[in-house]
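Student: Quick one: the structure is below, questions incoming.
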Amino acid sequence: MTEEIAIQTNELTKKFGDLVAVDKVSFDVKKGEIFGFLGPNGAGKTTTIRMLCTLTRPTDGTATVADLDIKKDDHEVRGHIGLVSEKLIMYDRLTAYENLKLFAKLYNLSKDQMEKKIDELLKLVHMEKWKDKQIGTYSTGMKQRINVIRALLNEPEILFLDEPTLGLDPQSTAEIREFIRKLNTELNTTIILTTHMMVEADMLCDRLGIIDRGKIVALDTPENLKKMISGNDNLVTEMNIPNLTNTMVETLQACECVKTISRLDNTKIKVQANGDDAFDIILDTVRAGGGKITSVKNLEPTLEDVFLHITGREVRDQANVKQRAENRGPDGHSMGGGGNRRVR
Amino acid sequence: MKAKQLLSHSAWICWKDLLEFARSKMALVMLLLMPLFMMIMVGFIFPDSAAMMEDVPIALVDLDSGPMGENFTMQLEGLNEQTGMMVLSGATDIEDIRTQIYAGDIDGGIVIPANFTQNIMAGQQGTIIIMTDQSNPQLSMQTQQALSYVIDEMGTYAAIGMLSASDSNTTLATVQPYTVEIEDLVEGDPSYFQFVAPGIMAMVVMMSLMTGLPHAISYEKDTGTLDGMLVAPIHRLAIILGKVLAQTTRGMIQGILILLLAMLLFGVVIYGNILIVLLIMLLTVLSFVGLGILVTSFTDKEETASMIMMTMMFPMMFLGGVFFPIEQMPGFMQTISSVLPLTYATSAMRKVMILGAGMGDITTEILFMVIFGLVFLLISVPMFKRAMNK
Ligand SMILES: Nc1ncnc2c1ncn2[C@@H]1O[C@H](COP(=O)(O)OP(=O)(O)OP(=O)(O)O)[C@@H](O)[C@H]1O
Ligand SMILES: [Mg+2]
């Protein structure tokens with residue numbers, strides 16, 4: 001049974017002073033799967049990854065990676081993993097080749113092994129022509145390609161990717177996602193990735209842990225998670241109301257059956273509600289407030305709705321309502337506050 | 001096997017650091033500019049040119065009753081008439097000069113000792129004693145330098161006259177009939193550059209470890225690249241060792257640049273063995289490496305690192321005897337000086353470079369640097385390992 005498990009955590013906890021960044025998190029990752037962590041900024045995704053990569057010591061709890069204890073056998077764990085972290089692990093003044101060479105040497109590759117491996121990896125991401133150019137001259141997407149293959153020099157069984165597509169344009173994003181999938185299917189690499197992009201989580205991950213304020217609030221396949229709220233009494237609907245006012249949104253929010261409201265733009269809102277007569281109540285409330293509904297669209301629930309459903313609509317959702325409209329990236333669904341672009 | 005890997009890893013990390021460094025134009029310019037700037041600054045603060053002196057009150061005592069003393073006095077007066085450097089007055093003996101200096105009447109004195117004529121007649125060098133007001137180190141240094149320069153010039157002049165009629169056996173006495181002895185001076189040669197160059201060399205080595213090392217680590221921590229090394233299965237010490245090697249190389253290059261600048265532009269001469277000079281530089285590295293690592297382990301962010309460094313460096317720079325002789329400092333500061341490795345590095349460097357001292361003369365300094373270095377390494381290495389594992 002343990003053969004099948006790549007990572008196992010048991011009440012893993014990390015505190016920074018009073019702040020509990022990761023709160024008694026327990027989960028398993030099976031060998032060969034793509035496991036995703038989905039959560040807003042500050043949820044604790046990076047901290048969890050850093051603990052599993054032996055970069056930060058857990059305050060409490062245990063975890064094994066490749067059957068090795070992350071606290072006791074930290075040195076051994078490092079031989080089995082690769083990390084693509086939030087920040088680029090690359091030196092701008094070195095060429096791609098020199099960067100890769102440094103890390104190959106740190107992983108004790110012999111000269112022949114190194115040359116072969118570097119060539120092979122560069123080819124994989126179509127960067128052979130650029131290998132002798134300094135990283136500083138690369139575009140963000142090119143940097144990330146080198147950054148990703150750097151983590152593969154030691155042919156890791158388990159690869160950690162922390163927001164691998166953050167700050168990339170749609171084309172580079174698609175390339176990196178395809179590359180991740182290819183690694184998983186062709187080399188059977190176990191992959192743990194974090195993201196705050198719903199679409200990314202949905203399309204890439206075999207299983208998904210939704211993490212919020214340091215806790216895993218749901219863990220299942222994307223399909224099952226979505227099913228959770230697509231039952232009969234759950235409703236996700238998008239309405240166009242040209243004379244939409246804040247008062248209308250507030251009265252709707254006050255309704256018993258309404259779970260969350262997001263304001264998509266000046267005239268459009270998306271309402272998540274439950275209860276048999278929820279749809280009627282919503283329409284009535286809007287009309288009673290003087291709202292003129294020009295169109296209504298009932299939607300398939302997305303992971304975003306799942307997240308809103310699970311975490312409820314409290315103080316932080318108010319902020320989300322405001323930000324969401326601005327934060328819609330090319331991927332459509334992006335969650336939580338922005339402002340965490342990759343610096344460099 | 002493990003040790004070999006550790007060394008190999010640190011060598012590659014050092015390679016990476018030096019490569020980055022060599023490709024940073026700014027860093028290269030600073031490498032050259034900093035020493036040059038420092039030497040020039042020092043040169044301006046402590047002017048060394050005799051031409052800058054004017055009407056300095058100096059007492060002249062001729063204790064020698066022979067013709068050579070008289071000759072010297074005449075030469076000095078003649079030269080002074082042309083340059084207007086000094087205002088010459090008289091004094092009865094060395095004690096009198098001392099009293100007059102204490103009273104502030106004169107800034108220095110020139111003494112022609114009793115056996116001056118006799119020595120020169122015997123084919124030896126004639127010694128001239130120079131005394132200066134040491135309570136004012138700049139002026140003292142300046143006066144000394146100017147006087148030494150003047151006496152040197154006069155010596156050359158006298159030598160020309162003596163060459164033809166020479167029957168003496170000492171060539172030195174012919175070429176340089178007058179030699180200067182500086183009374184009550186702390187140590188070394190009168191040139192201020194000669195005095196500060198060894199200290200500055202020790203200081204840049206110190207700086208490369210005390211600022212370069214924490215900066216190198218905290219910079220990588222801030223940008224996130226340090227994680228790449230930490231997540232690799234390498235010994236934590238390989239990281240710090242690699243950085244130490246790189247910083248040492250940089251510090252040594254800079255130290256040698258200073259030496260070359262001092263020699264080429266400022267006429268500094270090394271009297272001792274250059275290999276011992278290099279050895280002292282390495283020992284300076286050793287004595288500061290632990291302290292550098294310690295500070296590195298305590299600093300999370302680059303800014304904090306820089307701030308801590310600055311607060312630690314300044315006292316060291318000024319109390320380490322680089323710019324002023326320690327003997328001129330108040331007692332409690334001398335006590336602080338006596339526990340700073342820079343003091344010993346500077347002292348050893350100065351003894352070797354200026355006085356031509358050998359290994360045997362600097363054992364105290366070497367011992368202190370080695371012990372200080374080892375103690376701080378023992379404290380800092382576990383600290384560093386812990387800090388990397390937070
Ligand atoms: N070194 C640290 N010291 C103090 N607090 C920290 C530290 N690292 C993270 N935190 C805090 O822990 C919480 C979780 O942070 P973490 O970086 O794990 O979030 P995240 O899910 O990766 O968010 P993001 O989407 O912004 O990357 C945050 O509140 C953060 O401020
Ligand atoms: Mg993060």
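Student: For the list (1) part of a loop (DSSP other than H, G, I, E, B); (2) within 13 Å of chain B (Cβ to nearest Cβ); (3) β-branched (Val, Ile, Thr), I need the number of the one condition that A:Thr165 fails.
Tutor: Against the list (1) part of a loop (DSSP other than H, G, I, E, B); (2) within 13 Å of chain B (Cβ to nearest Cβ); (3) β-branched (Val, Ile, Thr), A:Thr165 comes up short only on (2).
Student: Check whether at least one residue in region B:187-207 is of a type in the set (A, V, I, L, M, F, W, C) and modelled with pLDDT under 60, and report yes or no.
Tutor: No, that holds for no residue.
Student: Across region A:95-144, what is the total count of residues that are more than 14 Å from chain B (Cβ to nearest Cβ), part of a helix (DSSP H, G or I) and buried (at least 18 other Cβ atoms within 10 Å of the Cβ)?
Tutor: Qualifying residue count for the region: 6.
Student: If I filter region B:217-227 down to residues being assigned to a helix (DSSP H, G or I) and surrounded by fewer than 24 Cβ atoms within 10 Å (Cβ to Cβ), which single residue comes out as farthest from the other protein chains (Cβ to nearest Cβ)?
Tutor: Going through the qualifying residues, I end up with B:Ser218.
Student: Scan region A:216-238 and tell me whether some residue there is within 30 Å of A:Ile158 (Cα to Cα), touching a helix residue (DSSP H, G or I) at 6+ places or on another chain (Cβ under 7 Å) and not in a helix (DSSP H, G or I).
Tutor: yes
Student: Here's something else I'd like to know. Out of the helices (runs of 4 or more DSSP H) lying entirely within region B:54-127, which hold 2 or more residues that are crowded, with 16+ Cβ neighbours inside 10 Å and in contact (Cβ under 8 Å) with a residue 60 or more places away in the chain?
Tutor: Ranges flagged: B:67-83.
Student: Could I ask something else about it? With respect to B:Met333, is the statement that it is assigned to a helix (DSSP H, G or I) and in contact with a Pro (Cβ under 6 Å, 6 or more places away or on another chain) true?
Tutor: Taking the combined requirement at face value, the residue does not satisfy it.
Student: Going by the conditions given, is B:Met329 surrounded by 15 or more Cβ atoms within 10 Å (Cβ to Cβ), in the same structural domain as B:Ile200 (by TED's automatic domain parsing) and touching a residue at least 60 places away in the same chain (Cβ under 8 Å)?
Tutor: No.
Student: When residues of region B:110-141 are filtered for being of a type in the set (A, V, I, L, M, F, W, C) and at pLDDT below 80, how many remain?
Tutor: Total satisfying the criteria: 5.
Student: Kindly provide the set of residues from region B:271-291 that are over 17 Å from B:Thr363 (Cβ atoms) and either buried (at least 24 other Cβ atoms within 10 Å of the Cβ) or in contact (Cβ under 8 Å) with a residue 40 or more places away in the chain (or both), ordered by number.
Tutor: Within region B:271-291, B:Tyr271, B:Met281, B:Val285, B:Phe288, B:Val289, B:Gly290, B:Leu291 meet the criteria.
Student: As an exercise: evaluate A:Val22 against (1) away from every other protein chain (no Cβ under 11 Å); (2) more than 10 Å from ligand 1 (Cβ to nearest atom); (3) touching a residue at least 24 places away in the same chain (Cβ under 8 Å) and give the number of the one condition it does not meet.
Tutor: (2)
Student: One residue is enough: does region A:72-82 have a residue meeting the conditions part of a strand (DSSP E or B), away from chain B (no Cβ under 11 Å) and closer than 30 Å to A:Ile5 by Cβ?
Tutor: Residues of region A:72-82 part of a strand (DSSP E or B): A:81-82.
Now drop any that are not away from chain B (no Cβ under 11 Å), which leaves none.
Scanning region A:72-82 turns up no residue that is part of a strand (DSSP E or B), away from chain B (no Cβ under 11 Å) and closer than 30 Å to A:Ile5 by Cβ.
Student: Let me ask something additional. Working only within region A:1-39, note down all residues that are under 18 Å from A:Phe307 (Cβ atoms) and surrounded by fewer than 18 Cβ atoms within 10 Å (Cβ to Cβ).
Tutor: Correct list: empty.
Student: Hey, can you tell me all the residues within region A:47-60 that are within 16 Å of ligand 2 (Cβ to nearest atom) and within 14 Å of another protein chain (Cβ to nearest Cβ)?
Tutor: Residues satisfying the conditions are A:Thr47, A:Ile49, A:Arg50, A:Met51, A:Leu52, A:Cys53, A:Leu55, A:Thr56.
Student: Would you pick out the residues in region B:6-18 that are at the interface with chain A (Cβ under 8 Å from one of its Cβ atoms) and closer than 17 Å to B:Met252 by Cβ?
Tutor: B:Trp15
Student: Test A:Thr13 against the criterion of being touching a Pro at 6+ places or on another chain (Cβ under 8 Å) and away from ligand 2 (no atom under 16 Å from the Cβ), and give yes or no.
Tutor: Taking the combined requirement at face value, the residue satisfies it.
Student: Here's another thing I want to ask about it. Is region A:28-46 home to any residue that is within 14 Å of chain B (Cβ to nearest Cβ), touching a residue at least 40 places away in the same chain (Cβ under 8 Å) and either within 15 Å of ligand 1 (Cβ to nearest atom) or in contact with a Gly (Cβ under 7 Å, 6 or more places away or on another chain) (or both)?
Tutor: Yes: one or more hits.
Student: Within region A:61-71, how many residues turn out to be buried (at least 18 other Cβ atoms within 10 Å of the Cβ) and within 11 Å of another protein chain (Cβ to nearest Cβ)?
Tutor: Selection size over region A:61-71: 0.
Student: Quick one: is B:Ala146 modelled with pLDDT under 75, surrounded by 18 or more Cβ atoms within 10 Å (Cβ to Cβ) and within 25 Å of B:Phe193 (Cα to Cα)? Write out each step before concluding.
Tutor: On the way: modelled with pLDDT under 75: yes; surrounded by 18 or more Cβ atoms within 10 Å (Cβ to Cβ): yes; within 25 Å of B:Phe193 (Cα to Cα): yes.
Yes: the conditions hold for B:Ala146.
Student: While we're on this one: If we scan region B:359-368, do we find a residue that is surrounded by fewer than 17 Cβ atoms within 10 Å (Cβ to Cβ), over 19 Å from the mean Cα position of the chain (by Cα) and away from chain A (no Cβ under 14 Å)?
Tutor: Yes: one or more hits.
Student: While we're on this one: Among (1) within 12 Å of ligand 1 (Cβ to nearest atom); (2) over 19 Å from the mean Cα position of the chain (by Cα); (3) buried (at least 23 other Cβ atoms within 10 Å of the Cβ), where does A:Met90 come up short?
Tutor: Here A:Met90 meets the rest and fails (1).
Student: Please specify each residue of region B:303-323 satisfying the condition of being under 17 Å from B:His215 (Cα atoms) and of a type in the set (Val, Ile, Thr).
Tutor: Result: B:Thr304, B:Ile308, B:Thr311.
The values are calculated or read from the model by the stated rules, or taken from the named source; none is laboratory data. Computed from a predicted model, the values in this text were never measured in an experiment. Please note: Cβ atoms are built from the backbone with ideal geometry, for glycine as well, and neighbour counts cover all protein chains shown.
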